[in-house]
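Just so it is clear, none of the values below were taken in a lab; they were calculated from the coordinates. The shown structure was predicted, so the numbers you read here are calculated from the model rather than taken from an experiment. Cβ placement follows ideal geometry from the backbone for every residue including glycine, while neighbour counts extend to all protein chains displayed.
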Amino acid sequence: MPEFNLKIRRYLPESGEAPYWQEYRVELDGHQSVLEGILKVRADQDGTLGIRCSCRAAICGSCGVKINGKPRLACNTHLEFAAGHSPEDGTIVVEPMGNMPVVKDLIVDMEAVHWKKIRRVSPWLLPEGEPPEREYVVPHEAMVDVTQSMACIQCGACVSDCLSMEVDPLFIGPAALAKSYRFVGDPRDGQHYERLKDVAEDPHGIYDCTHCFNCIDACPKGVAPMSQIMRLRRAAGSHGIEDRNNGHRHEAAFVENIERNGLLHEADLLPDSYGGKLHPRALPELMSSLPAITKALARGKVTPQKALLHPHRRHYHQVRKLIQAVESKEEPLELNLYITGYEEDVEATEHEAGETAAMREDVQEDAKNVASGPQKEPRQ
Amino acid sequence: MPSHDVLIIGAGLAGQRAALAAAEAGATVAIVSKVHPVRSHSNAAAGGINAALNPEDTWESHAFDTVKGSDYLADQDAIEIMCRAAPDEIIQLEHLGVTFHRDETGHLGTRAFGGASQARTYYVADITGQALLHVLYEQLLKYHEQIDRYEEWFVTSLLQDDAGECTGAMARDVRDGAIEAFRAKAVIQASGGAGQAYKPTTNALICTGDGIAQAYRIGAPVMDMEMVQYHPTTLVENGFLITEGARGEGAQLFNSGGERFMERYAPNKLELASRDVVSRAEQTEINEGRGLDNGGLALDITLVPRKRILEALREIVNIGRDFAGVDITKDPISIRPGQHYIMGGIRTDNLGRTPVAGLYAAGECACVSVHGGNRLGANSLLDTLIFGRRAGEDAATRASGLPMPDGNLNSRITDEQAWIDSIISRDGNGRRVAQLKEELGEAMNQYCAVFRDADGLDACLQTIRRLQEQAESVGIDDSGTVFNQDVLGVIELGYMLDCAEAMVVSGVKRTESRGAHFRTDHPERNDDEWLKHINVTRTEDGTPEISYSPVTITRWQPEERKY
Amino acid sequence: MKVAYWPGCVSRGFTPELHGAMAKVAPLLDLELIELDRAACCGAGVIAEHNQELADTLNARTFALAQQTDGALMMNICSTCQGSMSECQERLDASTDYREQINDNLRGEALRYERGVVNKNLAWLLVEDMGLDELRSRVKRPLENLKVGPFYGCYLVRPTDRLGINDRRPRDTYLHLIIETLGGTVIDYAGQYKCCGFPIITMNKEASLKQAGRHLGDAIEADADCLVTPCPLCHLNLDLQQPLAERVVGRDLGMPVLHLPQLLGLALGLQPRELGMSKHVVKPTSVIDWSQAVVAEAA
């Protein structure tokens, strides 16, 4: 049996010592998990090593840790894989998750961060009026859609890796916002508007997400928290919620900017995001950007002429027509790949396609069997 | 010192459901769990929950299937209660937010499950237990003013007053090692099963029979403990569960010769016969040399349309990929029978009351008995909810008529602390906890498994007795207070050994074959002698004592069982 | 090699030096650029969060324009374009029904997107289509003694599945490979795969600038001479906003940030000024010094 080297971040709060690294060697099959490796260390060598774990099968969410710097479940990360992706020559580096205080060794304080944020979004169904005698009758697709966020096992991997939370600890964060979408996307909930207003108005809410995709890659269950946050933004917009954080205005200004110019005209975007150059909110924001703007002007990066005229706009009347046509649709299309899956198309997978088709897991079914087709989401 | 009307130990489905019911009935509630509630093993119940909710279905049909599944050992009055209450419970959970699968008309949809004469299993993809557990936890958060949560508190023993009534529990705060006495007018044990006494098992590492042993140690009888379910489809590699939902959706079993062998064992229900029947068929195939080279059999899920797999069996796509390296949409996966569930547990009546006044039990740690000799798939979630609720309601009723138990518990706290300190300061006997646990698990899986006989069970019992002795002096490494998982491991080992002992002594006694208990030396069912429950009670000197109680039969007389 | 070339918006707006540098570098790499001058903004993820159909339509249109050319593939020089376009392409390629509905929107211009456009960022094209050996053979002035920190940002490296990043195509290491191939020294530092902060600059300026400031600080700590980024939006936050980031993190930074074509240009023999570096807010002193030293040595 191969031998693996585990390098584990230790912290024993009662020792009075700072965190340190400790290495252990274990003999196990390569397809056994990092958790099994750690449990073997605990069983045979060192019973003081702390890690939360229970199901061993990636359903209880206990064993979130960082392996080789990336948040993962220890139970579904193979030793072989971890050793093969080691930054330290085959040594598997295991640390506690980030963005949360460490309690002991690989155990972090989920309560102080993760659960507090979950409770922040009123995480329970709030239906309106009396329930029906039997079940609520709701579309099949809506239940599949919210089951994506229901699949969250609260392991904290996304919280661990959230880059917004790293600079703004008050950010509600990916797990809690995915939980919020679980209700906003649920037709049985009666508080969609209130929920959306709440997470849009909070300066650390949906518009505080920096769109870095870390949570999507971190999630072991395919919840794609960032995609749920984007759905919340879309829903907030379609409910006409104007947040104080310029989030919605920025979005609107962006679309308008492209409609006007075809290409982005940055000089207009900034003031428009604050409500227009003459908006009272715009002035202080623009003033605070002044040092950057003056420098840019001085270095010739931005010329006053370009800033005013945007020389590229002339080709784009076609684009304008197109944008107006799609924007005026009552129910723009929304394709949810979690519901529809991918078509299977052997020929196309042979395309190189920037490898998007070929490298994707082949989770596609015959085109004709894709029953539900594109999703339509009503916009109010 | 925390004092509550109702103290609930364990925060899986049974415990959380009990907490909500007790709070709704006006009681003050504490729920204590050694792990965070959403880590509970109810998560693992993938396939669904049974209820005769369709207009063309009847509770009688559900009840009969359950009686037959139990091999007539279950109590029919309890089954009747469960099956009658099931439809309302599903609707109530749906109203609380469970994202149950909908059919194309937007109504609740079902899937087929083993041992059932109708498709009556309601589900959320293959994460039904997880969905239920998380939705109930949402409700605990919602009702935080009525329900105090003690997350990551490990119960070390139950409290009893001079009259023998249960008045609370002692627990250690896992985060800082502090011992606390919890007073209560009623205590509900809802701490789950004991699968970790086996190796391998589908059960989580936390399933160490804590509540069963704690109740047993204060004199509560445990019942039907010989009835241990082996699930037909667990991964050959490591014993992880592949949901029965896979067969419900159309997956089939094949032996090394490519034969669909269930045709020989259960010509009508085939792969969807009850679990004991399918597991026995598999073990026979393996024992008679028709297994695969890796010791298993082939489960072919590729027969299920791919789109359906990806929507309804997402989780086992992951399990196949992560834990067996198999893409189940393309290739068969190797499975074998593996320990999954214990039908037995703390004996209760239909309100969850144990013979010890003030002590209730619900869920896998309890034995009402609705599962008898073999539990049907998708009846365990139902059991937790129905009897969790009933226990919660009755505990609240009991509490409303009682004063808070008094008496000074400081010396009790000191004693408990001293006991734990003594474990920490042991020199040890040269063996490690993990070694003892492994030896236990292997012995149980060898002798107290799908097929059993007197010699094997005797050998197993001797092993258990020796391990019990060694466990008394086994040493540990960790002397800290913060998350000292080492010391908790010693206490858990003691719990598992108690449970294993009860399973084996009951198994020795039952000299017939019924449900999951198949004695190769007594291969026939014997209703004349054994249509009765075996109870095990702990005597003063710690040895188990056997007694019997009748099976309640209401309308379904025992008959031959065929699938 | 002939490619349909999508420069994006910002390379022709606030970072004109990027577009200029690409134009200078292309002939030195024998890249023939067929500029998609009718194409519109990719939406940068913002349009998709507003109206998914609109984002998918605009990008289907760009893909269709690319497919009309005789380029071997489509190339972009902006991570954000790559990421946003890949997201739309994933949907467009997943469902024939959906693609046809989007194509309906394009009918007015007689455009049509066929499944499977190959759209690659310059960095991907260099490694996968040109090849590092070929690139090496074209280097005139190896970047010896130049310590370069790669700043990948987000859109070019995540989500890994969608972007086709795996062991066979470790696209999240390509900047490392390119820097090495050009003869430079790679400097690893904490922030190289993190977000520059740009997407929240109008919503939470403090957090946005803190991100930029920290990564720049990390690179200084790691002793980098300069950073290189494949994303003009990252460049805005790391360079244009650097004076503001300095105030937020409370330290002097002064870290030059190069666009990928600028770094290529240096190795291919071009001067910093020709590559538009004088337009940067942070004067790339260390790069100019390096360049002068190399020239002096040669003389």
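Gyration tensor analysis over the Cα atoms of the stretch C:1-119 returns equivalent ellipsoid semi-axes of 25, 16, 11 Å (largest first, whole Å).
Ordering B:551, B:49, C:155 by the projection of their Cα atoms onto the charge dipole of the protein assembly as shown, which places +1 on the Cβ of Lys and Arg and -1 on the Cβ of Asp and Glu, puts C:155 at the extreme positive end. When only alpha carbons of the stretch B:388-466 are considered, Rg and Dmax amount to 21.3, 52 Å.
Here the sum of -39500 (n - 2.57) over DSSP H runs of 4 or more residues, divided by the residues of chain B, equals -11000 deg cm²/dmol at 222 nm, to the nearest 500.
With 5 Å bins beginning at zero, the pair-distance distribution over Cα atoms of the stretch B:466-563 amounts to 2, 10, 16, 16, 13, 11, 10, 7, 6, 5, 2, 1 %. Volume per residue of the convex hull around the Cα atoms, evaluated for chain C, comes out as 118 Å³.
When the Cα atoms of the protein assembly as shown are enclosed in a convex hull and the volume is divided per residue, what value in Å³ results?
Values: hull volume 217.6 nm³, N = 1242.
Taking only Cα atoms, the protein assembly as shown has a hull volume of 175 Å³ per residue.
When the GluC sites (Glu not before Pro) in the stretch B:108-217 are filtered for DSSP coil states and for at most 13 other beta-carbon atoms within 10 Å of their beta-carbon, the remaining sites are B:145. Taking amide hydrogens as placed 1.01 Å from N in the peptide plane, the amide H of residue B:533 sits under 5 Å from those of B:549, B:551, each at least 5 positions away in sequence or on another chain. Within 10 Å of the Cβ of each residue in C:98-104, the mean number of Cβ atoms contributed by other protein chains is 3.
Specify the longest stretch of chain C that does not include any exposed loop site, a site being one of the GluC sites (Glu not before Pro) with a non-H, G, I, E, B DSSP assignment and at most 16 other Cβ atoms within 10 Å. Maximal segment without exposed cleavage sites: C:145-273.
Karplus-derived 3J(HN,Hα) values for the stretch B:301-308, using 6.51 cos²θ - 1.76 cosθ + 1.60 with θ = phi - 60°, are 8, 5, 6, 7, x, 4, 4, 5 Hz; glycine and proline are entered as x.
Taking N as the number of residues in the stretch C:126-205, what is its alpha-carbon radius of gyration divided by 2.2 N^0.38 Å?
Values: Rg = 14.8 Å, N = 80, 2.2 N^0.38 = 11.6 Å.
That works out to 1.28 for the stretch C:126-205.
In the structure shown, do any of C:120/C:194; A:221/C:210; A:301/A:321; B:185/B:532 have a Cα-Cα gap over 23 Å, and if so which? Provide the component values of the computation, followed by the final result.
Details: C:120/C:194 21 Å; A:221/C:210 31 Å; A:301/A:321 31 Å; B:185/B:532 32 Å.
Too far apart for the 23 Å limit: A:221/C:210; A:301/A:321; B:185/B:532.
List the GluC sites (Glu not before Pro) within the stretch B:40-126 that fall in a DSSP loop (any state other than H, G, I, E or B) and whose Cβ has at most 16 other Cβ atoms within 10 Å.
Details: sites: B:56, B:60, B:80, B:89, B:94, B:104; in loops: B:56, B:104.
Those satisfying the criteria are B:56, B:104.
Across the stretch B:301-397, the relative contact order, built from alpha-carbon pairs under 8 Å that are at least six residues apart, equals 22 percent. In terms of its alpha-carbon gyration tensor, the stretch B:261-324 comes out oblate; a/c meets the 1.5 threshold, while b/c is at least as large as a/b.
Cα centroids of the stretch B:115-134 and the stretch B:19-41: how far apart, whole angstrom? Cα centres, the stretch B:115-134 to the stretch B:19-41: 22 Å. Let me make sure I get this right: for the stretch A:177-235, a, b and c are the square roots of the gyration tensor eigenvalues over alpha carbons, sorted descending. Under 1.5 in a/c it's rounded, otherwise prolate if a/b > b/c, else oblate. Which is it? In terms of gyration-tensor shape, oblate. Partner lysines whose Cα lies under 25 Å from the Cα of residue A:40, excluding those fewer than 8 positions away in the same chain, are identified as A:7, A:66, A:70, A:104, B:34, B:199, B:437.
Sorted largest first, the principal axis extents computed over the alpha-carbon atoms of the stretch A:2-145 equal 60, 37, 27 Å.
Here is the P(r) of chain B: all C-alpha pair distances, binned every 20 Å from 0, give 23, 58, 19, 0 in whole percents.
Using only alpha carbon positions, build the gyration tensor of the stretch B:342-492, then give the equivalent ellipsoid semi-axes as the square roots of 5 times its eigenvalues, largest first, whole angstrom. Don't skip to the end; give the middle numbers.
Values: eigenvalues 207, 156, 34 Å².
With the √(5λ) rule applied to the stretch B:342-492, the semi-axes are 32, 28, 13 Å.
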